[in-house]
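The values are calculated or read from the model by the stated rules, or taken from the named source; none is laboratory data. This structure is a prediction, so every number in the text was calculated from the model and none was measured. Please note: Cβ atoms are built from the backbone with ideal geometry, for glycine as well, and neighbour counts cover all protein chains shown. Note: areas computed on protein heavy atoms with side chains; ligands, DNA, RNA excluded. Shrake-Rupley method; radii C 1.70, N 1.55, O 1.52, S 1.80 Å.
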Amino acid sequence: MMADHQKILRLLKTARGQLDGIVRMVEEDRYCIDISTQVMATEAILKRVNREILAAHLEHCVKHAASEADRQEKIDEFVDTLGKLLK
């Protein structure tokens, strides 16, 4: 993976911390809207991580593919992944 590892790890650790907080909120029977707000914040971080990873895939893996066939395979994988994201 050619994405900025430190940035990705920092974001993932932040999301993990938020998930732990959400679990505590549910265990404490906190207000539903507060829980939902934290879930949305965590989802936003995970979307950002995915965007960083996919951008790195295009910038490095696709751009520097060894052959046209390899490049097309990587593009096809990206399109498939994009389709899953847009469901």
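Under a cut-off of 23 Å between alpha-carbon atoms, report the lysines in cross-link reach of Lys7, not counting same-chain residues fewer than 8 places apart. Straight-line reach from Lys7, under 23 Å: Lys47, Lys63. Taking all protein chains together and rolling a 1.4 Å probe, Leu86 ends up with roughly 140 Å² accessible.
Annotation: aspartates and glutamates with alpha-carbon distance below 19 angstrom to Lys13 (same-chain offsets under eight excluded): Asp4, Glu43, Glu52.
Over the chain, Cα pairs under 8 Å with separation of 6+ residues give a relative contact order of 36 percent.
For the chain, the solvent-accessible area works out to 75 Å² per residue, with a probe of 1.4 Å and every protein chain left in place.
May I ask you to compute the full-extension gain from Leu19 to Ala69, defined as 0.36 nm times their residue separation minus their alpha-carbon distance, rounded to one decimal in nm? Intermediate values should be presented prior to the final figure.
On the way: separation 50, 0.36 × 50 = 18.00 nm, distance 4.06 nm.
My answer for the length gained is 13.9 nm.
Taking the Cα centre of the chain as reference, the dipole from Cβ charges on Lys and Arg (+1) and Asp and Glu (-1) amounts to some 240 debye. The local environment of Ile8, defined by Cβ-Cβ distances under 12 Å, has a net charge of +3 under the rule Lys, Arg +1 and Asp, Glu -1. Taking all protein chains as shown and a probe of 1.4 angstrom, Asp4 keeps an accessible surface of around 90 Å².
Compactness of the chain is given as radius of gyration and Dmax, 17.1, 55 Å, from Cα positions.
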